[in-house]
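K.L.:
Before I ask anything, let me first share the structure, which is written out below as structure tokens.
The values are calculated or read from the model by the stated rules, or taken from the named source; none is laboratory data. Model, not experiment: these values are computed from the prediction. Cβ sites come from the backbone with ideal geometry, for glycine too, and all protein chains shown count toward neighbours.
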Amino acid sequence: MYVELRNLNKQFNGFKAADNVSFGIERGHLAGLLGPSGSGKTTILRMLAGLETPDSGDILIDGKRVNDIPAARRGIGFVFQDYALFRYMTVFGNIAFGLTVQKKEKRFIQARVTELIKLIGLEGLERRRPHQLSGGQKQRVAFARALAPNPQLLLLDEPFAAIDAKVRKDLRSWLRETINKVGVTSIFVTHDQDEAVEVADEIVITNSGRIEQVGTPTDIYKNPQTPFAAGFIGESIVVSDYGRLHGFQATDGFDQAVLRPEFVRAVKLEKEVFPHASQHGTVQEVYFRGNALELRINLGGQVVTSHQSLEEEAFKVGEEVSVLIYRLYLLGRDSVRLMENASIKSDGSFFI
Amino acid sequence: MRTKVTKVILIILGGLFIASMLIMPLTTVLVYALRQGLTVFTSAITDDYAIKALQLTLLTCCITLLINTFFGVFAAWTITKFRFRGRQVLTTLIDIPFSISPVIAGLVFILVFGRIGWAYPLVESLDINVVFAVPGIILATTFVTFPFVSRELIPVMQAQGREEEEAAALMGARGLRIFRKVTFPHIKWGLLYGVILCSARALGEFGAVSVVSGHLRGKTNTLPLHVEILFNEFKVTAAFAVASVLVVIAVIVLILRNIVEYRLKREKG
Amino acid sequence: MKSSIRRFLTLALCTITAISLLAGCSNAGSTDAETTAKTVSITNVSYDPTRELFEQYNKLFADYWLQKTGQTVEVSQSHGGSGSQARSVLEGNEADVVTLALAGDVNMLAKAGLIDGGWIDEFDKSSSPYTSTIVFLVRKGNPKGIKDWDDLVKPDIQVITPDPKSSGGARWNFLAAWAYADKLYKGDEVKDKEFLRQLYANVTVLDSGARGSTTTFVENGQGDVLLAWENEAFLSLKEHPDDFEIVIPSISILAQPSVAVVDANARKHGTEDVSKAYLEYLYSDDAQRLEGKNFYRPSNPDILKEFSDTFDLSIELVNIDDSFDGWDAATAKFFADGAIFDQIYKK
């Protein structure tokens, strides 16, 4: 592990921002700290950077304990949420700042900054001041500024929070590519799971100061290990009385279950395939979601969500449909179990 | 239609207020000053005591400015950039000179550095005269004008936030460099504004200075004190003449302030 | 461009500071007198009305001293209510001499050890080179018909007099009024107090010094009658001959302003000789005539006679020792905290 956190704890005035946090990141990986607001992810990032001191625990970078090393000497590049560009310096001056502090030679600085400006695609804008740049451009300058002194760890605090939705998508992929190109180990903080899933090599899910799960996006998606992880990733509906759903049995120790729209398939009554495994329900609402339809279906009192391709004939509100639930996640106190629809197997028929 | 009438009325009221409270007194001073002709005017302002008073006023103002700018920047920096216990207390303490009557401020110095004060033996042993001498006047003026610089800077620095400085610190910049490159360019105009306010107040300070001054003509009389003395000696025209010097200085300060305000707004926009 | 403006401003500021410092240093100097062979400076802390007197006297004395010793003497003046001035000397104002309104204030300094005991006999006539008394100043034509003290307690009369707590002249005013009441009520102190209470109830502005009251009455046009030092009243008449009249009451008090060398300070500054000479010279004929010209009654009876046109020499005058047992007793009885003035002035 290139970056390792061991048993970190941090309290602010009685509020536990970090509760026994431990995880590790491999060298060269791009990791995302994902969690709801106030879950402690920014605190963890700032402790890594040295902007906050943990109450207890160890922080190791490249095997060395850095708790007592001041922030400026940890070799960390930090990109702030609202860029924190030096508004009285030019783009060039901003990017060169770290190098100027290190008293590097003028020629070296000139070469390195030019290289970075080319990397971020802002040639010609060296003399501009931050207030003359767009949000996306500012973000890229902040990025270059953090990279200039060749840090061993790059930290980004909600890098896309302040950017327009359209630009955000482009910037995301650009960031991913560029970090891969540069090869620097990076950790970024976000509350947007789409972003985490798309950009990160691995995700660390935080909740109320604790780590819920660490794993690749696919991992967490397919095998959530805690109720929170199951509910947080992907769209999900919590169902309390899942025993009433056809094909599922109420199990001790698991009071609730999580359903994802991908697990729910609605077909017209005449097209029903697994009568035993399916249930009849009424379409309550139909939403247009740009690339698919979202259906809210009332299954005997329980409302579930399903997606329908636009290619198919659309359902109408009030229409009775046949709903097949493939699987769901059972939520225990601290664990999650995947339960398949038992009736499908026993039917022995072909799968669609 | 109604809003237009209201607007006009408000403007007229505002104008009347300014005219009666500001313009009229100022023009009265100038009129009275020149009432007995230019020779009386010039002899009044070139009088030995008047010139000494002007010198003392300017000296006090300059030294007060230096002290308050230095400590004001320091105080604002500490309060806005650091979290520490007692921060609120420090902020409140800085505002004390605003809430204390200047006369009390002057009395405080007498009670501390005067013959009956507890610091007197120390001051005596160093052979310095504090109260009833120039240092006392400077101290009193500094006290009374202290909050101006820091109060101007604190909101500006707070609005700036700590992030830029954090970013700079993260990259290894030390305090002085951070101040020079990040903080100072931002507070430049706010600082200048605070300095101008401070000097305007320092030039005109009467109460606190009057208490600690001792009214020694030619030695511990500032310009405002000198005006009072002239007035009390039936030399009304001379009093107004000297007062008009203060008015001129005040107008200059006002103009400077407007220029700075204009530049401030331009920077923000 | 911006940095060059900043540089210019910094330079300007430094220049101004430097000039002011130089100017300040060379002129303000230290309040410790430098006694070189050529120049000496002393500080005279005086009471309110004596501004014009000492402006002229200092020139007179400087000429005399230069001729006598070849030394140039510079006198720094300070003026204010006598009590306030005495207090400021107590608090550290390093006066070489004090020329105050009454012996009581000088006593305060003696009690604090700043003046050696027995000071009152150091100079002639109980250290009072000039005397004065209390008179009324009224508007020209005397529209309210004020003739004597009993007119002052009438309901629609507005009186201007300073605050006895800070002004020496005010204390003389008060005692003169008390003397009248005491005579009128044949020593009935209850009635005396009531008389004074009514009088002070008619006071509309209570300044801190005699000159302040004069300014209030003369320049600001407040009040119907000013209780004033005689010299103040004359001075006001001189400045504004058509606007005022002096009314001499039936009884008044011999006001004896006292002078003394502040021995502690004079010793410290090394100015004992010149300070003593400064006060001595107030008794010289030239000085006495100067005082008379400034409407102070010279203590030298021959010279006083020269001014018989100016001063009414026939007023009935009580004095502090015979009628009031001296200043210590008077202060304790009338002007101390909670004493008679505080009692009657409770609004």
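K.L.:
Quick one: which of B:Ala19, B:Ala50, B:Ala119 is within 14 Å of chain C (Cβ to nearest Cβ) and surrounded by fewer than 18 Cβ atoms within 10 Å (Cβ to Cβ)?
P.N.:
Working: B:Ala19 fails: within 14 Å of chain C (Cβ to nearest Cβ); B:Ala50 fails: surrounded by fewer than 18 Cβ atoms within 10 Å (Cβ to Cβ).
Exactly one of B:Ala19, B:Ala50, B:Ala119 is within 14 Å of chain C (Cβ to nearest Cβ) and surrounded by fewer than 18 Cβ atoms within 10 Å (Cβ to Cβ), namely B:Ala119.
K.L.:
Applying the selection to the stretch C:49-85, what residues are among the small types (Gly, Ala, Ser) and over 11 Å from the mean Cα position of the chain (by Cα)?
P.N.:
C:Ala62, C:Gly70, C:Ser76
K.L.:
Name the residues in the stretch A:111-137 that are charged (D, E, K, R) and closer than 14 Å to A:Gly93 by Cβ, would you?
P.N.:
Quick first cut of the stretch A:111-137, residues charged (D, E, K, R) only: A:112, A:115, A:118, A:123, A:126-129.
Those that are charged (D, E, K, R) and closer than 14 Å to A:Gly93 by Cβ: A:Arg112, A:Glu126, A:Arg127, A:Arg128, A:Arg129.
K.L.:
Moving to a separate point now. Does any residue of the stretch C:306-317 turn out to be in contact (Cβ under 8 Å) with a residue 12 or more places away in the chain and assigned to a helix (DSSP H, G or I)?
P.N.:
Scanning the stretch C:306-317, I find at least one residue that is in contact (Cβ under 8 Å) with a residue 12 or more places away in the chain and assigned to a helix (DSSP H, G or I), so the answer is yes.
K.L.:
Confirm whether A:Gly124 is farther than 15 Å from A:Asn150 by Cα, without any contact (Cβ under 8 Å) to a residue 60 or more places away in the chain, in the same structural domain as A:Lys181 (by TED's automatic domain parsing) and outside any helix (DSSP H, G or I).
P.N.:
Numbers: farther than 15 Å from A:Asn150 by Cα: yes; without any contact (Cβ under 8 Å) to a residue 60 or more places away in the chain: yes; in the same structural domain as A:Lys181 (by TED's automatic domain parsing): yes; outside any helix (DSSP H, G or I): yes.
Criteria met by A:Gly124.
K.L.:
I'd like to check something: does the stretch A:69-82 contain any residue that is on the phi > 0 side of the Ramachandran plot and either surrounded by fewer than 21 Cβ atoms within 10 Å (Cβ to Cβ) or assigned by TED's automatic domain parsing to the domain that holds A:Gly40 (or both)? Show your work before the answer.
P.N.:
Going residue by residue through the stretch A:69-82, those that are on the phi > 0 side of the Ramachandran plot are A:75.
From the residues that got through so far, the ones that are either surrounded by fewer than 21 Cβ atoms within 10 Å (Cβ to Cβ) or assigned by TED's automatic domain parsing to the domain that holds A:Gly40 (or both) too are A:75.
Yes: the stretch A:69-82 contains one or more residues that are on the phi > 0 side of the Ramachandran plot and either surrounded by fewer than 21 Cβ atoms within 10 Å (Cβ to Cβ) or assigned by TED's automatic domain parsing to the domain that holds A:Gly40 (or both).
K.L.:
Any residue in the stretch B:183-196 that is touching a strand residue (DSSP E or B) at 6+ places or on another chain (Cβ under 9 Å), hydrophobic (A, V, I, L, M, F, W, C) and farther than 30 Å from A:Ala148 by Cα?
P.N.:
No: the stretch B:183-196 contains no residue that is touching a strand residue (DSSP E or B) at 6+ places or on another chain (Cβ under 9 Å), hydrophobic (A, V, I, L, M, F, W, C) and farther than 30 Å from A:Ala148 by Cα.
K.L.:
Which fully enclosed strands (runs of 3 or more DSSP E) of the stretch A:193-259 have 2 or more residues being under 30 Å from A:Pro275 (Cα atoms)?
P.N.:
Numbers: elements: A:202-207, A:210-215, A:237-239, A:256-259.
It comes to A:237-239, A:256-259.
K.L.:
Pick from the stretch B:215-246 the residues that are over 17 Å from the mean Cα position of the chain (by Cα) and among the hydroxyl-bearing types (Ser, Thr, Tyr): which of them is nearest to the other protein chains (Cβ to nearest Cβ)?
P.N.:
B:Thr220
K.L.:
Still on this model: Which one of these does C:Ser213 not meet: (1) within 14 Å of chain B (Cβ to nearest Cβ); (2) small (Gly, Ala, Ser); (3) more than 25 Å from C:Leu290 (Cβ to Cβ)?
P.N.:
Among (1) within 14 Å of chain B (Cβ to nearest Cβ); (2) small (Gly, Ala, Ser); (3) more than 25 Å from C:Leu290 (Cβ to Cβ), the lone unmet condition for C:Ser213 is (3).
K.L.:
Next question. Considering only residues that are in a loop (DSSP other than H, G, I, E, B) and either surrounded by fewer than 24 Cβ atoms within 10 Å (Cβ to Cβ) or without any contact (Cβ under 8 Å) to a residue 40 or more places away in the chain (or both), which ones fall in the stretch B:217-227?
P.N.:
B:Arg217, B:Gly218
K.L.:
Only one of B:Val195, B:Val182, B:Val156, B:Val212 is within 10 Å of another protein chain (Cβ to nearest Cβ), of a type outside the set (Phe, Trp, Tyr), assigned to a helix (DSSP H, G or I) and closer than 30 Å to A:Gly98 by Cβ. Can you tell me which? Steps first, answer last, please.
P.N.:
Details: B:Val195 fails: closer than 30 Å to A:Gly98 by Cβ; B:Val156 fails: within 10 Å of another protein chain (Cβ to nearest Cβ); B:Val212 fails: closer than 30 Å to A:Gly98 by Cβ.
From the options B:Val195, B:Val182, B:Val156, B:Val212, the qualifying one is B:Val182.
K.L.:
Collect the residues in the stretch A:158-182 that are aliphatic (A, V, I, L, M) and exposed (fewer than 13 other Cβ atoms within 10 Å of the Cβ), keeping them in residue-number order.
P.N.:
A:Ala165
K.L.:
Right, something else. Considering only the stretch B:1-79, give the helices (runs of 4 or more DSSP H) lying wholly within it that have at least 2 residues that are at pLDDT 90 or above.
P.N.:
B:2-18
K.L.:
If the requirement is being of a type in the set (A, V, I, L, M, F, W, C), more than 14 Å from every other protein chain (Cβ to nearest Cβ) and within 28 Å of A:Gly38 (Cα to Cα), which of these qualifies: A:Phe160, A:Phe108?
P.N.:
Values: A:Phe108 fails: within 28 Å of A:Gly38 (Cα to Cα).
Result of the check over A:Phe160, A:Phe108: A:Phe160.
K.L.:
Which of the following residues is in contact with a Lys or Arg (Cβ under 7 Å, 6 or more places away or on another chain), among the aliphatic types (A, V, I, L, M), surrounded by 17 or more Cβ atoms within 10 Å (Cβ to Cβ) and within 30 Å of A:Arg210 (Cα to Cα): A:Leu259, A:Leu330, A:Leu324?
P.N.:
Of A:Leu259, A:Leu330, A:Leu324, the one residue that is in contact with a Lys or Arg (Cβ under 7 Å, 6 or more places away or on another chain), among the aliphatic types (A, V, I, L, M), surrounded by 17 or more Cβ atoms within 10 Å (Cβ to Cβ) and within 30 Å of A:Arg210 (Cα to Cα) is A:Leu330.
K.L.:
Taking the stretch C:171-221 on its own, how many of its residues are out of contact with any helix residue (DSSP H, G or I) (no Cβ under 7 Å at 6 or more places or on another chain) and either among the hydrophobic types (A, V, I, L, M, F, W, C) or under 22 Å from C:Asp337 (Cβ atoms) (or both)?
P.N.:
Result for the stretch C:171-221: 11.
K.L.:
Counting only residues that are within 14 Å of another protein chain (Cβ to nearest Cβ), give me the strands (runs of 3 or more DSSP E) lying completely in the stretch A:19-91 with at least 2 of them.
P.N.:
Correct list: A:76-79.
K.L.:
Exactly one condition in (1) under 27 Å from A:Gly183 (Cβ atoms); (2) in contact with a strand residue (DSSP E or B) (Cβ under 6 Å, 6 or more places away or on another chain) is false for A:Asp19; which is it?
P.N.:
(1)
K.L.:
Can you name the number of the only condition in (1) surrounded by 20 or more Cβ atoms within 10 Å (Cβ to Cβ); (2) over 27 Å from the mean Cα position of the chain (by Cα); (3) basic (Lys, Arg) that A:Lys10 fails?
P.N.:
Answer for A:Lys10: the failing condition is (2).
K.L.:
Applying the selection to the stretch C:52-105, what residues are of a type in the set (A, V, I, L, M, F, W, C) and within 29 Å of C:Phe324 (Cβ to Cβ)?
P.N.:
C:Leu53, C:Phe54, C:Ala86, C:Val89, C:Leu90, C:Ala95, C:Val97, C:Val98, C:Leu100, C:Ala101, C:Leu102, C:Ala103
K.L.:
A further question on this structure: Identify, from the list C:Asp156, C:Asp148, C:Asp188, C:Asp192, the residue that is without any contact (Cβ under 8 Å) to a residue 40 or more places away in the chain and within 26 Å of C:Gly212 (Cβ to Cβ). Quick ask: steps written out before the conclusion?
P.N.:
Details: C:Asp148 fails: without any contact (Cβ under 8 Å) to a residue 40 or more places away in the chain; C:Asp188 fails: within 26 Å of C:Gly212 (Cβ to Cβ); C:Asp192 fails: within 26 Å of C:Gly212 (Cβ to Cβ).
C:Asp156 is the lone residue from the list that is without any contact (Cβ under 8 Å) to a residue 40 or more places away in the chain and within 26 Å of C:Gly212 (Cβ to Cβ).
K.L.:
Of a type in the set (Val, Ile, Thr), without any contact (Cβ under 8 Å) to a residue 60 or more places away in the chain and under 30 Å from A:Lys16 (Cβ atoms), is that true of A:Ile211?
P.N.:
It is false that A:Ile211 is of a type in the set (Val, Ile, Thr), without any contact (Cβ under 8 Å) to a residue 60 or more places away in the chain and under 30 Å from A:Lys16 (Cβ atoms).
K.L.:
I need a count of the residues in the stretch B:81-95 that are in contact with a helix residue (DSSP H, G or I) (Cβ under 8 Å, 6 or more places away or on another chain) and in a helix (DSSP H, G or I).
P.N.:
Adding up the residues that qualify gives 5.
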